[in-house]
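Every read-out reported here was derived from the displayed coordinates using simple, explicitly stated rules and does not represent laboratory data. Quantities reported herein were computed from a predicted structural model and do not represent experimental measurements. Cβ atoms come from the backbone with ideal geometry, glycine included; neighbour counts cover every protein chain shown.
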Amino acid sequence: MSERAVPFYCPYCGEEDLRPAEQTERVPHGAWYCAGCLRTFAVKMIGIGVPEVSK
């Protein structure tokens, strides 16, 4: 899958001025740059459904 998951706001500061980050050795594909707090972050899908509860 090559499409990016589009965040609507920064998970750190809540700013909405987000831009796709350029992929480098340290920055993974699909990362985003926040102009508000200057952080670069990635959105990652972990799974769908209810996790199993161990007893």
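Model label sites at Tyr9 and Ile46, defined 7 Å from Cα along the beta-carbon direction, differ in position by 2.1 nm.
Proximity of backbone amide H atoms, modeled 1.01 Å from N, is registered between Ala42 and Trp32 at under 5 Å, excluding neighbours fewer than 5 places apart on the same chain. With the alpha-carbon atoms of the stretch 16-55 aligned to their principal axes, the span from lowest to highest coordinate is 44, 25, 15 Å, starting with the largest. Across the stretch 44-53, computed HN-Hα scalar couplings (Karplus, 6.51 cos²θ - 1.76 cosθ + 1.60, θ = phi - 60°) run 10, 7, 8, x, 10, x, 8, x, 6, 9 Hz from first to last residue, x flagging Gly and Pro.
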